[in-house]
Each structure stands twice: as structure tokens, then as C-alpha cells.
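S.K.: The structure is given below, and queries will be raised subsequently.
The values are calculated or read from the model by the stated rules, or taken from the named source; none is laboratory data. Note that the coordinates shown come from a computational prediction; the quantities given were computed from them, not determined experimentally. Cβ atoms come from the backbone with ideal geometry, glycine included; neighbour counts cover every protein chain shown. Surface accessibility is based on the protein's heavy atoms, side chains included, excluding ligands, DNA and RNA. Shrake-Rupley method; radii C 1.70, N 1.55, O 1.52, S 1.80 Å.
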Amino acid sequence: MRKYLFLYIFLFPLLAAAVDTIVVNGKIVTVDDRFSIVQALAIKNQRVVATGSNADIRKLAEANTKVIDVRGRTVIPGLIDNHSHWIRAAEHDELRLDGVTSHAEALRMLSARVRSAKPGEWVGVLGGWSEEQFTDEPRGFPLAELDKLAPDTPLAVQSIYNHTYLNTAGLRAAKIDESTPNPVNGTIEKDTAGKLTGVVRGAGGVAFVAARIPKLQNEARMANAKKLVGYLNSLGLTAWGDAGGRGMTAGHYEPYRLLADKNELDIRVFWTTIRQPATPEQVDKVLAEIPNLKPFQGNDYMDHIGWGESVYSPVTTQLLRVQKAVNADALNQKMRIASALARYGIYLNSHVEMNGPIEQFVAAYEELNKTHPIKGLRWSFSHLDQIDEQQLSRMKRLGMTAQIHSRPLIQGVLMHKVHGEAAWDMPPFRRVQDSGIVWGLGSDATAVTTSNPFYTLGFAITGKMVGGHHVNRQNITREEALIAHTRSNAFILFQEGNIGSLQKGKYADLLVLDRDYMTVPVDAIKDLKPVITMVGGKIVYGKP
């Protein structure tokens, strides 16, 4: 017996050292607390088990260990978007114009999608672009142009949440004619002769059109969810926080849940409940739901983490509108929900942008904290485009985090038209970074900006939108931006023990880049691409 015990004691360290995969000959930017850079790392059972020199890591390899030689390429942790709306996006197989800087190229892409569409099938671009990003012709898509491109296929080309361009087939399929009444908070545009122009304006108009585009169901939605995950992997995203959206139901989450249950979800999704009540009576229903909420019952690929982002619809602020305050009675209704969440120890993320409403929200949270302490719950504010130093300090004392987003990538010119000089500091990346608050970078995609995280990183560093307009002067360094898009976002999503840096014990979520993030010219950061994306030690995009 002693002989076998001796053999076990002797052999166990050797058996434990056996690894599944090693990555060698790299410039591996770990984004640990010291921002260490190493040559190699080892992976076992989805997690990093060692980092170090090529020689040290090669010693851990055995005959069956997979060796990935990245030949000097830069490796970074997988990028995490703290706030986007991709779960809802699976309901439509939409065409994306992310990062497209040519109107002519956009037309080519639309034409290609029309040619591949089935008879009567909609072709939709549901946001993610603006006219100002086109450098050749900064304009939209008039009815005649769309009719020539697609005489029979219904087309809807939505710009942010501002307006939607339709062709005649799209107007017909949406049952819109000259007699159709304007939707709430929207306008069906007509020319001086009373004829439809093909444009439906306003957030209500955008929603009105979107509701008429058929949604994918069952197997088709599942297939589209997998397609979207593959697209995000190709951009370098390995995890995101999902903030829900208009019209969300349990069915929206089901494709991702089924994929996670089958170990086929190649990305990590951490989502918050969204209800958007609009009346005190609807708030009552929400309050009855909160005691039964049980976050953190999922797994490391898909989990529910709390509540947000539009807590009470009448207090929602908007980026392209000057708003000095929200209605006090409406804020009280929001705080009824916030108080219940605090009592039950549930995380809350709230959407707020303008300085005046931020002040109201912070003051209300400070008052709530006196009776139901929120420090430790990691409550967040999203966007914070006009937050000042004092407000950041008060948020920090409450133990809050900040989610800052790259919406000026496509809305920057519009923001300057609305906010003037103040737009140069929206969002205030440098101010937030210097405050010491835990904060992260995200997109708020899909409708209001591009989803590409390298565009987000590039914007935070250069202040330039898609197409090159310089619209922001709150620049941060590339190191600060990378931390915000990885390690800090892991904390915001309650995943700091699992992801966000390439360290022993954390999941091997990583990107092998086509160029060096640390040394390329800053204007080239937006153009970086992963040649390999790995989630949990599994290659989900590219190949060695």
C-alpha cells in the first residue's frame, strides 16, 4: 500500500502538469494587475494554468498537447462588451453596415443581399450606422434609389433610432400608405403633394416599422443566434452584457440558453431583466415580480445578473436631446423599483446621459443608501455622457461602476449639432479614467453604434468616428482602453474571477491579432482583427 501511495505522490504533480494546449512564441499581453507581457501560456480544462517563457511552458507539454505557435503575434484577452443588445438581434437576419465608410459600398451590400433574398423576404438594416459616416456621399437612401435597387423586395434601412428609409415594396409590405396615421412619437413623411417619401421619422416611427418586419422563429432564430455569435467572435468579442430591449420576451433568450445547455454557445452572455414600465400601475406589477427574482443560477456561458437598463420609461434620457432634468414624480416611480431591488440585494444598471438627470439619480441613490445600503451590489449607470468629477466621486463612494459607450462613433457629428462645444467631452473618457472609479468600455449596439470592439478602442484613444471626423477630446491611452474593455468589464459583469485577463485560474478567452495592438499607429487600432479567437481554450474563429 505504501508503495502505491508513494507512486501516487510522485506521479500526481506530473499528471497535474499535463495540459491540453500551449500557446507559444507570442507577445501575450495578460492585462493582469501589472499589465505583464509574457511569451507563452498553457491551458487545461478551458482555463489558463500557467504563463511564462517559451521554455517554461513547453516543459508542460506532452505528446497529446496541442501546440499553437503564434509566430510573434500579439495575444490579448478576449474583449468584453459591458452593454449591448445582441440577444434581441437574433429575431432578424439583418444586414449590418458596421464600419462602412462609403455610400456606394453600402448600396453594393444592399444589392447583394437583395439578390440572395427569397421572394417576398424582407431585407433590413436595423441601425448601427448614420449618414455622417459615409465619406463619399454623407446621405441616406431616397425612395427612387431603393426602388431601382429592389423593385420587388421589401427594404428597410434604419439610421440609428432616428428614421427608416423604405422602398415601395417595403411600404406596401408594412401596410403604409398616404392614409396611414402617424405612429406615436413618429412621422410618416410626405412630400408637398401628399405622396409618401419612403421615410418614417422619430423613435416611434422606427419602432412602428420594425414591428412590421417578420421575426425569425424556432430553428431559424436558433440558426441566426449561432450566426450572430460567429460574427461577434470574428470581431474579437468573447463575452457581453446584454441590456435587453424593446419587446423582449422569454423566447428571445431561449436560443442562447439552449446553445449554452448543449455546450455550443461560443461566447459568454450575462443579461439583465428589462421591463420598462410606463405607469405607476405597471410599476406595481414589477414590484410583485422582484421578490421571486433569483440571479446567478446559470453557468459561466450564460447567466442572469440583475436588472436594468430602462427602469421606468418616463425617466429615460436621450443622447441627441438636451435635457436638464427628469420629472420628479417619474423619478419617484423609478426609485420604487430601485428600493425593492436594494432590499433584495439585486444588481441594477440604469440608463442616464445628461448632467442634470445624473445629478438627480445620484442624489436619489444616496438617499436610498441611508435605508437600504447599495454599496457592494455594484450598481451601474450606463452612458454618463455628461458626468462631472463630483458626481463620479459620489458614485465611487456608493460602490458603483460606470459603463461608458462608443455611440459617437456614428453619432458624433449629430451630437455636435445638438450639444455644441459640450459634445467634445461626451463621453468624458479621461475624466472617468482619472476619477478612479471602476469603469468599462462598451458599444450599446446594435442600433445606436457599430459592435466592433476595435472601433470602440480606437475611438476612446483617438476621438475619431467612423469615417474619420474628430469629435471627442477626452482621449485615454491604449493600455487604459484595453483594461476598460477586458478586466474592468469582467468586474462589472461579476466575472472577475473567470475572465478579463490571461492569468492562472481564469478561462482561456483570448485573441491572436493580425498586428500589435501596443505599437500600431493609433489610427490603425480600429482596423485590427483577430486571426484566432479562443473561448475557454476552444478556437471559435480562425485557425492556427
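S.K.: What accessible area, in Å² to the nearest ten, does a 1.4 Å probe give for Y344?
M.R.: We get 120 Å² for Y344.
S.K.: Normalising by the residue count of the range 155-239, find the relative contact order in percent from Cα pairs under 8 Å and 6+ residues apart.
M.R.: 26
S.K.: If you don't mind, another one. For the range 413-454, take the convex hull of the Cα atoms, compute a quarter of its surface area, and give me that in nm², please.
M.R.: Approximately 3.9 nm², given one-decimal rounding.
S.K.: Still on this model: Run the dipole for the chain about the Cα centre, Lys and Arg Cβ at +1, Asp and Glu Cβ at -1, nothing else charged, and hand back the magnitude in debye, nearest 20.
M.R.: So the dipole magnitude of the chain works out to roughly 1340 debye.
S.K.: Return the carbon/sulfur percentage of the accessible area of the chain, one whole number, probe 1.4 Å, all protein chains in place.
M.R.: C and S atoms contribute 53 percent here.
S.K.: Just for the Cα atoms in the chain, what are the lengths along the principal axes, largest first, rounded to whole Å?
M.R.: That gives 95, 59, 45 Å along the principal axes, largest extent first.
S.K.: Going down the table (K27/K464; K148/K195; K334/K370; K66/K504; K285/K396), which pairs top 20 Å between alpha carbons?
M.R.: In this structure, K27/K464; K285/K396 exceed 20 Å between Cα atoms.
S.K.: Looking at the range 406-521, what % of the alpha carbon pairs are farther apart than 21 Å?
M.R.: 41
S.K.: Could you pull the accessible area for D136 with a 1.4 Å probe, rounded to 10 Å²?
M.R.: Its heavy atoms expose roughly 70 Å² to the probe.
S.K.: Here's another thing I want to ask about it. Kirkwood hydrodynamic radius for the range 295-442: how many Å is it when counted over pairs of different Cα atoms?
M.R.: 15.8
S.K.: Please list, ordered by chain and number, the residues whose modelled amide H lies under 5 Å from the amide H of V540; skip anything fewer than 5 residues away on the same chain.
M.R.: Result for V540 returns T533, M534, V535.
S.K.: Turning to a different aspect of this structure: Can you find, among W240, A112, L41, the residue sitting farthest towards the positive end of the charge dipole of the chain, where Lys and Arg contribute +1 and Asp and Glu -1 at Cβ?
M.R.: The residue sitting most towards the positive pole is L41.
S.K.: Could you tell me the center-to-center distance, by alpha carbons, between the range 237-259 and the range 144-218 in angstrom?
M.R.: Taking the Cα centre of the range 144-218 as reference, the centre of the range 237-259 is 27 Å away.
S.K.: Counting other Cβ atoms within 10 Å, which trypsin sites (Lys or Arg not before Pro) in the range 244-311 have at most 13 and lie in a DSSP loop?
M.R.: When the trypsin sites (Lys or Arg not before Pro) of the range 244-311 are filtered for loop state and at most 13 Cβ neighbours within 10 Å, K262 remain.
S.K.: Ok, one more. Which value in deg cm²/dmol, rounded to the nearest 500, describes the helix-derived mean residue ellipticity at 222 nm for the chain, given -39,500 (n - 2.57) per DSSP H run of n ≥ 4 and division by the residue count?
M.R.: It lands at -10000 deg cm²/dmol.
S.K.: Check the straight Cα-Cα distances from K526 and name the aspartates and glutamates below 19 Å, setting aside those fewer than 8 residues away within the same chain.
M.R.: Within the straight-line limit of under 19 Å, K526 reaches these aspartates and glutamates: D81, D98, E105, E132, D444, E479, E480, D514, D516.
S.K.: Indicate the gyration tensor shape class of the range 470-520 (rounded, prolate or oblate), computed on the Cα atoms with a ≥ b ≥ c the square roots of the eigenvalues: a/c under 1.5 is rounded; otherwise a/b larger than b/c is prolate and the rest oblate.
M.R.: It comes out oblate by the Cα gyration axes.
S.K.: Relative contact order, percent, of the range 350-498 when contacts are C-alpha pairs under 8 Å separated by at least 6 residues?
M.R.: This gives 22 percent for the range 350-498.
S.K.: What is the antiparallel percent of DSSP beta bridges lying wholly in the chain, to the nearest 5?
M.R.: Percentage antiparallel, nearest 5: 45.
S.K.: Given DSSP loops and a limit of at most 16 other Cβ atoms within 10 Å, what is the longest stretch of the chain that contains no such GluC sites (Glu not before Pro)?
M.R.: Counting at most 16 other Cβ atoms within 10 Å as exposed, the longest clean stretch of the chain is 265-495.
S.K.: Now, a different point. Can you work out ³J(HN,Hα) from phi for every residue in the range 183-197, in order, using Karplus 6.51 cos²θ - 1.76 cosθ + 1.60 and θ = phi - 60°, giving whole Hz and x for Gly and Pro?
M.R.: In residue order, the calculated couplings are x, 4, 6, x, 9, 8, 6, 10, 7, 5, 8, x, 8, 5, 8 Hz.
S.K.: Also, I was wondering about something else. Counting other Cβ atoms within 10 Å of each Cβ, which trypsin sites (Lys or Arg not before Pro) in the range 25-115 have at most 10 and sit in a DSSP loop?
M.R.: Hits after loop and neighbour filter: R34, R71.
S.K.: Any idea what the relative contact order of the chain is, in percent, if you count C-alpha pairs under 8 Å spaced at least 6 apart?
M.R.: 18
S.K.: Leaving out same-chain residues fewer than 8 places away, which aspartates and glutamates sit with a Cα under 19 Å from that of K324?
M.R.: E353, E359, D385, D388, E389, E421, D425
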